[in-house]
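The values are calculated or read from the model by the stated rules, or taken from the named source; none is laboratory data. All figures in this text were calculated on a predicted structure; none of them were measured in a lab. No Cβ is skipped: glycine too gets one built from the backbone with ideal geometry, and neighbour counts run over all protein chains shown. Accessible surface areas use protein heavy atoms only, side chains included; no ligands, DNA or RNA. Shrake-Rupley method; radii C 1.70, N 1.55, O 1.52, S 1.80 Å.
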Amino acid sequence: MSVKQCLEYRLTEEQLPAQWYNFLLDLPKALPPVEDVHVPPSAEIMARIRPAELLRQNAPSEQWVTIPAPVRQRLLQVGRPTPLRRALALEAALQTRARIYIKREDTLVTGSFKVGTALAQAYYAREEGRDCLISETGAGQWGMSLALASQMFGLKCKIFMARCSMEQKRYREHYMRLLGTEVAPSPSRATAIGRRLLEQRPDHPGTMGTAISEAIEAALATPGSAYLSGSNVNHVHLHQTLLGQETRAQLALAGEQGPDQLIACVSGGSNLCGFMLPFLRDKQAGRAISFLGAESTAAPRLTQGTYEYCSSDPAGYTPRVLAYSMGPDFIPLPVHAGGLRQHNSSPLVSLLKKEGVLDAVAIDEHEAFEAGRLLLRTEGFLVAPESAHAMAAAIRAADRAREDDREPCIVVLGSGSGMLDLEGYRQVLL
């Protein structure tokens with residue numbers, strides 16, 4: 001096999017995939033049913049606040065779902081396709097024989113992969129006549145992406161951001177406000193569930209779960225609004241399959257027969273699933289591809305959690321799903337990797353883990369930031385704390401390859417930029 005020794009592999013605009021890949025038809029087994037025991041039922045609530053096409057895309061019948069032309073045009077505008085970088089300097093620093101590639105989602109205009117599904121969801125909301133987008137965000141990458149997408153499609157936007165992340169990442173809040181988005185810390189006093197949580201604990205740091213509850217309550221109370229999600233639901237994972245499709249084509253440009261290991265950080269699962277699941281058929285066909293999810297030790301659901309039915313939000317708007325969970329009362333520490341601070345994993349990621357398709361490792365914040373610093377010093381760009389967890393896992397894999405005298409092709413997803421996370425890097429490392 002001839003592997004090209006260059007830094008970046010890029011696709012042309014014409015090579016941007018025109019379809020999303022429906023992975024549901026290729027899963028090792030069907031997703032387990034949800035438990036919808038709420039009054040009114042969660043399905044009824046979602047039918048009111050989610051665009052109908054997004055609900056359909058949670059379980060499409062076709063293998064390939066066509067990307068609407070206006071969405072594809074906007075995807076090109078924000079920077080897709082993104083480059084795949086051969087990390088030659090990092091390889092040299094690690095003295096490894098592994099070939100390390102990084103899929104650079106940090107190059108998108110919002111600094112993260114989240115904008116891909118934000119554009120699709122905003123488009124479908126507008127097509128259905130919705131005029132206001134309401135959602136939650138952890139570290140703020142999804143909030144930034146939805147704020148931009150709402151402007152591109154002429155819609156209003158309101159975001160509930162986990163309180164500790166809002167205090168840590170003020171520039172993400174500023175970005176959203178520059179775009180005209182209303183931003184509230186979660187828990188907030190703007191909703192009944194927020195007020196209840198603050199009464200129980202006035203210094204509540206907030207979680208993705210609290211922000212989900214507040215966003216859904218606000219959407220139910222706002223006529224003409226749409227509630228959208230940045231992760232943890234099938235239509236989001238569907239939209240993000242562009243990541244894996246692009247990566248496959250770029251590895252071919254590099255002369256690689258395919259990856260030996262794919263590594264991504266994992267919380268709600270959208271970056272991991274979008275990156276890895278387009279390679280699911282290769283794995284099923286017998287190719288020895290390892291899928292590895294890197295989570296935070298602050299919320300070690302896949303490595304220490306229990307596989308059980310649980311809800312994603314304390315108000316109980318979402319149905320109970322079978323997933324790895326730390327329990328509904330678990331509140332993660334206010335670490336800087338805000339996108340990884342959730343008490344439960346997605347049912348899709350959990351199924352992959354349960355069926356042995358996905359392995360998982362928990363990385364502590366210091367090791368993650370050290371990996372981010374090493375990447376900056378060798379390759380010249382800084383990844384977000386969430387992505388730094390994946391980089392730390394990739395460095396571990398490269399070290400093992402050196403010890404075993406192997407030459408694997410390791411592909412790691414750099415899901416976001418760390419330029420707005422410098423304060424976190426400073427607090428942990430400097």
- Once Thr12 and Gln151 are pulled to full extension, the length gained, defined as 0.36 nm per residue separation minus their Cα-Cα distance, is 47.4 nm
- Bins of 10 Å, starting at 0 and running to the largest distance - Cα pair percent for the range 147-217: 23, 47, 26, 4
- Message: Given the options Thr107, Gly180, Ile67, identify the residue whose Cα lies farthest towards the positive end of the charge dipole of the range 63-190 (+1 on Cβ of Lys, Arg; -1 on Cβ of Asp, Glu).
- Response: Thr107
- Accessible area in square angstrom per residue, the range 1-113, 1.4 angstrom probe: 47
- Message: Can you order the peptides 72-80, 416-424 by their average number of other Cβ atoms within 10 Å per residue, highest first?
- Response: 416-424, 72-80
- Task: Provide, as a two-decimal number, the C-alpha radius of gyration of the range 46-188 over 2.2 N^0.38 Å, N being how many residues it has.
- Result: 1.22
- Based only on Cα atoms, what Rg/Rh ratio does the range 1-111 have, Rh being taken as Kirkwood's radius? 1.11
- Given the alpha-carbon gyration tensor of the range 330-396, what are the semi-axes of its equivalent ellipsoid in whole angstrom, ordered largest first, with each equal to the square root of 5 times an eigenvalue? 24, 16, 9
- Task: Roll a 1.4 angstrom probe over the protein heavy atoms and tell me the percent of accessible area of the chain that is carbon or sulfur.
- Result: 51
- Item | R0 of 51 Å, Cβ-Cβ distance Thr306-Gln73: FRET efficiency to nearest 0.05 | 0.70
- Task: Among the trypsin sites (Lys or Arg not before Pro) in the range 263-311, which ones are in a DSSP loop with at most 14 other Cβ atoms within 10 Å of the Cβ? Mind listing them?
- Result: Arg287
- Task: Would you tell me the accessible area of Cys164, worked out with a 1.4 angstrom probe on the heavy atoms of the protein chains, in Å² to the nearest 10?
- Result: 10
- How big is the Rg/Rh ratio for the range 302-430, C-alpha atoms only, Rh by Kirkwood, two decimals? 1.01
- Label point 7 Å out from Arg48 along Cα-to-Cβ: which residues of the range 221-236 have amide N under 20 Å? 221-229
- Tensor-based shape of the range 217-291 (alpha-carbon gyration tensor, a/c under 1.5 rounded, otherwise prolate or oblate): prolate
- Task: Only loop residues by DSSP count here, and only those with at most 14 other Cβ atoms within 10 Å; note down the GluC sites (Glu not before Pro) in the range 32-111 that meet that.
- Result: Glu62
- Taking only the alpha carbons of the range 173-330, the radius of gyration and the largest Cα-Cα distance, Dmax, both in angstrom, are 18.9, 59
- Message: What number comes out for accessible area per residue over the range 214-278 if the probe is 1.4 Å? Units Å², please.
- Response: 19
- Message: As a test, work out the antiparallel percent of DSSP beta bridges whose residues both lie in the chain, rounded to the nearest 5.
- Response: 35
- What shape does the range 107-194 have by the C-alpha gyration tensor, where a ≥ b ≥ c are the square roots of the eigenvalues, rounded means a/c under 1.5, and otherwise prolate means a/b greater than b/c and oblate the rest? oblate
- Message: Averaged across orientations, what area in nm² does the convex hull of the alpha carbons in the range 66-149 project?
- Response: 7.2
- Query: Hull surface divided by four, with the convex hull built on the Cα atoms of the chain: how many nm²?
  - Reply: 18.7
- Item | Spatially near lysine pairs across the chain, Cα under 18 Å, sequence gap of 8 or more or different chains | 10
- Item | With eigenvalues of the C-alpha gyration tensor scaled by 5 and rooted, the range 374-430, Å | 24, 12, 9
